1. Restricting attention to the stretch 55-68, does a residue exist that is over 21 Å from Val141 (Cα atoms), surrounded by fewer than 16 Cβ atoms within 10 Å (Cβ to Cβ) and without any contact (Cβ under 8 Å) to a residue 60 or more places away in the chain?
2. Mind checking which pairs have a first residue in the stretch 30-47 that is at positive phi and a second that is part of a strand (DSSP E or B), Cβ under 9 Å, 6 or more apart or different chains?
3. Under the condition of being more than 17 Å from Thr111 (Cα to Cα) and within 14 Å of the chain's Cα centre (by Cα), which residue from the stretch 38-54 is surrounded by the fewest Cβ atoms within 10 Å (Cβ to Cβ)?
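Please treat every number below as a calculation from the coordinates, not as lab data. These numbers were taken from a predicted model, which means no experiment stands behind them. FYI the Cβ positions are ideal-geometry reconstructions off the backbone, even for glycines, and counts take in every protein chain you see.
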Amino acid sequence: MTKQIKDNIKKLVKSIDEELSVTFICGVGSYFETATNTINIDYTDIDDCGFRRHLKEVHKCDFTYDYSLMLWTILHEIGHYETEWELLENQAEAELRFLLSLADETDVHNTAIQDKYYNLTAEWCATEWAIEWIKDNKKLVEKFKI
């Protein structure tokens, strides 16, 4: 990932919320760290594990493939920050999240398992936030080539 792309990502994140920071990681997947308000972007992660399929088929997002996986990942992780105040994950959902995190390479490509994960309340809300953000900011998205 070039310095220019990293700088564009940081600018995009800061344009959405000044409280957020960004780190670039390798090999562990992208995630949002609540304690530090940090979006951790795994720039080596090219397997979306059904995320865009879920966007298209389940969220019915017609513009799923108009934008890069990297942009969707960034916005989804920001969505966790933007929607966390409205989420109180119950014990059953927390247990299911843990079990799904143990999925092996075969399981993460099983659409039923993918849907269970992406339909978790926190995941669903973060994705919906990302969809709505793109709808409301199409011109801004074009400015940040990611």
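1. Yes: the stretch 55-68 contains one or more residues that are over 21 Å from Val141 (Cα atoms), surrounded by fewer than 16 Cβ atoms within 10 Å (Cβ to Cβ) and without any contact (Cβ under 8 Å) to a residue 60 or more places away in the chain.
2. Asn37/Ser21
3. Among those that are more than 17 Å from Thr111 (Cα to Cα) and within 14 Å of the chain's Cα centre (by Cα), it is Ile46.
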